[in-house]
Amino acid sequence: MITACSQEQMQEMASNAMVTQNRTPDKTWRVKPGSVHDGDTFRAVADVTNEEIKVRIACIDAPEIKQAGGIESRDYLRGMLTDNREIILMGAEKDQYGRSVVEVFAMTDTPGLEVGVNGEMVLAGMAHYYEGHKRSCPENAEQYEFLEQEAISNKAGVWANGDAERPWDWRRRNK
């Protein structure tokens, strides 16, 4: 549920979705070249240990590749997570497929600043807020829900045509 807030608070929430600072991860990762599968899944490699994991971006659900908007969503994420970009992963939960369900922050050219990938995908209309994963990002779930309302209002991405089918509904219908 969206709570009432001032225009100033709304602008601050939207800004904070994209740029944050001073995260202290236990390790940094790089996006494995060519590994962005769709708008919410990719592979990452740890900088020091070379450990490789499959990542499922928490609190969002992007259109499936065969679904309307799926290719655009994947390509948008690819643009944000260019090959070998340094990223920070926050969270440790695994899903039923063994993927690490995490919040993702991509480093920018400004030292100490990163882009919140989850929020940016939702705000751009390239992914839906996914309440089913909100336990993976309890501090930001409300913000992602707000950002989806912003995307709907702005007719961004999947919301451009007004009748965007939620990925979980599409999967159920296309079993």
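The values are calculated or read from the model by the stated rules, or taken from the named source; none is laboratory data. For clarity, every value in this text was computed on a predicted model and none was experimentally measured. Using ideal geometry, Cβ is built from the backbone for each residue, glycine included, and neighbour counts are taken over all protein chains shown. What goes into the accessible areas is simple: the full protein's heavy atoms, side chains included, and nothing from ligands, DNA or RNA. Shrake-Rupley method; radii C 1.70, N 1.55, O 1.52, S 1.80 Å.
Output the peptides 152-160, 85-93 sorted from most to least packed, where packing is the average of other Cβ atoms within 10 Å over each peptide's residues.
On the way: 152-160: 16.3, 85-93: 17.9.
Answer by packing, highest mean first, reads 85-93, 152-160.
Using the Karplus curve 6.51 cos²θ - 1.76 cosθ + 1.60 with θ = phi - 60°, work out ³J(HN,Hα) for each residue of the stretch 126-135 in order, rounded to whole Hz, and write x for Gly and Pro.
Whole-Hz 3J(HN,Hα) from phi for the stretch 126-135: 9, 7, 9, 5, 10, 4, x, 10, 5, 5.
Calculate what fraction, in whole %, of the accessible area of the chain sits on carbon and sulfur atoms when a 1.4 Å probe is rolled over the protein chains. Before the final figure, lay out the partial values.
On the way: 4400 of 9380 Å².
Reported share for carbon and sulfur atoms: 47 percent.
Can you give me the long-range amide H partners of Ile60? Hydrogens built in the peptide plane at 1.01 Å from N, cutoff under 5 Å, separation of 5 or more residues or another chain.
Under 5 Å from the amide H of Ile60: Tyr130.
Given the peptides 45-58, 110-123, arrange them by the average over their residues of other C-beta atoms within 10 Å, most packed first. Could the numbers behind the result be given before it?
Numbers: 45-58: 16.4, 110-123: 21.2.
Top to bottom by mean Cβ count within 10 Å: 110-123, 45-58.
Residue-wise, which Karplus ³J(HN,Hα) couplings in Hz belong to the stretch 28-36, taking 6.51 cos²θ - 1.76 cosθ + 1.60, θ = phi - 60°, and x for glycine or proline?
Karplus values, whole Hz, x for Gly and Pro: 9, 10, 10, 5, 5, x, x, 9, 6.
May I ask you to give the average projected area over all directions of the convex hull of the Cα atoms of the stretch 24-118, in nm² rounded to one decimal? All intermediate terms of the calculation are to be shown ahead of the outcome.
Details: hull surface 24.2 nm².
Convex hull of Cα atoms, orientation-averaged projection: 6.0 nm².
Calculate one ³J(HN,Hα) per residue across the stretch 61-76 by plugging θ = phi - 60° into the Karplus curve 6.51 cos²θ - 1.76 cosθ + 1.60, and present them in order as whole Hz with x for glycine and proline.
9, 8, x, 5, 3, 7, 8, 3, x, x, 5, 4, 4, 4, 5, 5
Under a 1.4 Å probe, what is the accessible area of the stretch 84-151 per residue, stated in Å²?
Numbers: 2950 Å² over 68 residues.
Each residue of the stretch 84-151 exposes 43 Å² on average to a 1.4 Å probe.
Grab the other residues whose beta carbon is less than 10 angstrom from that of Glu93, score K and R as +1, D and E as -1, and report the net.
On the way: positive: Arg56, Lys94, Arg99, Arg135; negative: Asp95.
Combined, the nearby Lys, Arg, Asp and Glu give +3.
I need the fraction of alpha carbon pairs in the chain separated by more than 27 Å, rounded to a whole percent. All intermediate terms of the calculation are to be shown ahead of the outcome.
Numbers: 3194 of 15225 pairs.
That tail contains 21 percent of the Cα-Cα pairs.
Where is the GNM fluctuation largest for the chain (alpha-carbon springs, 10 angstrom cutoff): Gln96, Gln67, Gln143?
Of the options given, Gln96 has the highest mean-square fluctuation.
Any chance you could count the Lys pairs in the chain whose alpha carbons are under 29 Å apart, treating pairs 8 or more apart or on different chains as valid?
Lysine pairs meeting both conditions in the chain amount to 20.
Let me check the size of the stretch 74-175 from its C-alpha atoms; what are the radius of gyration and Dmax in Å?
My reading of the Cα-based Rg and Dmax gives 14.4, 45 Å.
Starting from the amide H of Ser35, placed 1.01 Å from N in the peptide plane, find each other amide H under 5 Å away whose residue is 5 or more places distant or on another chain.
For Ser35, the qualifying residues are Arg43.
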